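This report concerns only the one structure given below.
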Amino acid sequence: MGVPFLDLRAPYAELRAEIDAATARVLASGWYLLGPETEAFEAEFADYCGAEHCVSVASGGDALELVLRAWGIGPGDEVLVPGNTFIATWLAVTAVGARPVPVEPDLITHTVDTARLEAAITPRTRAVIPVHLYGQPADLAAVRAVAERHGLAVLEDAAQAPGATWAGGRIGARGSTVAFSFYPGKNLGSLGDSGAVVTSDPELAAKLRLLRNYGSQVKYHHEVAGKNSRTDELQAAVLRVKLAHLDAWNDRRGAVADYYRSELSGIPGLVLPEQTEGTTHAWHLYVVRHADRDGLRAALERAGVATLVHYPIPPHRCGVYADSHPGPLPLTERLAREVLSLPIGPHLSAAQAARVATAVKHICANLAFPLAS
Ligand SMILES: *Cc1c(COP(=O)(O)O)cnc(C)c1O
């Protein structure tokens, strides 16, 4: 048996009794949308994050898009985004008619290089979206300082970072506005698509509640051009079950990351991820770098270790942005060539992690490499 990258049967197996009870409760209730489970999950998740409000929506992508819409960002506006992110971050900006303006990453943290933000700002810039990529919180102090100087709104993309902490509080605390995804493979995963916005701004929360429900608060009275973007009761009930286990599961991810670091440190040519000072990494992904990434990946596959690349084609190189963003973004493109995600998760066994580490060690000893720096 090889080591799979991710096995989504394992989390269900661990929580089967609780999840089955929760879904049975919803099925029997006859109430499937915007009911008691959604309300309870929103209260519990806001509380977990240390925020006043949580508005659940249909996906992480919708969470990003609806906040931009609620802020009135649209055609003619620019929004700063990381060059290296999942394309949903960019597509949310495009969806409201604004222009995503990429900023290059820091090669160590893989989050946006905040020293480069200011140079990308123009009179049209309205907002910045730092992404807590792979579960590592971005340098929010630096992002907020730049945003304040230039009057920009800050929307955090924490699709990969529920439960991560920054400066002693969870992502979502202390007045921030944050988009989360509950896609099944994420740290807090539902059994389908769902997402949420967490904020302590009551006006924004109220606007989002309208926007996610066809612009309607009172049935058949439609105040704004909203859409259908709701988390259903089944997903909310499952998310309530899983939220209670999130910290413990993130700790288990952290234990795998610690093990990889202890086993893989000092291998020439292999760059390991680091948790930056003052943060807790959510370890959604364990992303290493190697100049011969493709060679390492192919050899791992032959050794029975499944890996993935997050992400092989940066957004500006995707067809959808071919005309508007010709690049080049050399650091983003370098990461796309060199990054490799090793298996990690709360259900990766010690034996599986050992098998991954042993294979990486053996393979790297035989790979030629120009030193990554
Ligand atoms: C998963 C993800 C999204 C989108 O979430 P969906 O729920 O799939 O729409 C956005 N940004 C990042 C960084 C993600 O990883």
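Just a few scattered comments:
- Evaluating TRP283 against the criteria (1) touching a residue at least 12 places away in the same chain (Cβ under 8 Å); (2) on the phi < 0 side of the Ramachandran plot leaves one unmet condition, (2).
- Unmet requirement for VAL93, which otherwise passes all of (1) in contact (Cβ under 8 Å) with a residue 60 or more places away in the chain; (2) buried (at least 20 other Cβ atoms within 10 Å of the Cβ): (1)
- Annotation: ALA120 fulfils all but one of (1) modelled with pLDDT under 95; (2) surrounded by fewer than 18 Cβ atoms within 10 Å (Cβ to Cβ); the unmet one is (1).
- Test result for LYS219, over 21 Å from the mean Cα position of the chain (by Cα), in a loop (DSSP other than H, G, I, E, B) and either within 16 Å of the ligand (Cβ to nearest atom) or modelled with pLDDT under 95 (or both): yes
- Of residues in region 117-138 being of a type outside the set (A, V, I, L, M) and within 16 Å of the ligand (Cβ to nearest atom), the one nearest to HIS310 (Cα to Cα): TYR134
- Selection of region 139-189 for residues being within 15 Å of the ligand (Cβ to nearest atom) and hydrophobic (A, V, I, L, M, F, W, C) yields LEU155, ALA158, ALA159, ALA161, ALA164, ILE171, VAL178, ALA179, PHE180, PHE182, LEU188.
- For the residues VAL57, VAL26, VAL101, the requirement of being closer than 27 Å to ALA138 by Cβ, of a type in the set (A, V, I, L, M), away from the ligand (no atom under 16 Å from the Cβ) and in contact with a helix residue (DSSP H, G or I) (Cβ under 8 Å, 6 or more places away or on another chain) singles out VAL101.
- Residue in region 202-216 that is in contact with a Gly (Cβ under 7 Å, 6 or more places away or on another chain) and of a type in the set (Asp, Glu) present: no
- Residue count for region 165-199, restricted to those that are polar (S, T, N, Q), at pLDDT 95 or above and touching a strand residue (DSSP E or B) at 6+ places or on another chain (Cβ under 8 Å): 5
- All positions within region 286-314 that are surrounded by 21 or more Cβ atoms within 10 Å (Cβ to Cβ), closer than 15 Å to ILE267 by Cα and in contact with a Gly (Cβ under 8 Å, 6 or more places away or on another chain): HIS290
- Scanning region 191-216 for residues that are among the charged types (D, E, K, R) and either closer than 30 Å to PRO11 by Cα or in a helix (DSSP H, G or I) (or both), we see that the one that is nearest to the ligand (Cβ to nearest atom) is ASP193.
- Qualifying residue in region 63-73 (condition: free of Cβ contacts under 8 Å to residues at least 12 places away in the same chain and within 22 Å of SER200 (Cα to Cα)): yes
- Residue under evaluation VAL112, criteria (1) hydrophobic (A, V, I, L, M, F, W, C); (2) under 16 Å from the mean Cα position of the chain (by Cα); (3) surrounded by fewer than 19 Cβ atoms within 10 Å (Cβ to Cβ), criterion not met: (3)
The values are calculated or read from the model by the stated rules, or taken from the named source; none is laboratory data. Because the structure is predicted, anything quoted here is derived from the model rather than measured. For neighbour counting, all protein chains shown are included, and Cβ atoms are generated from backbone atoms with ideal geometry for every residue, glycine included.
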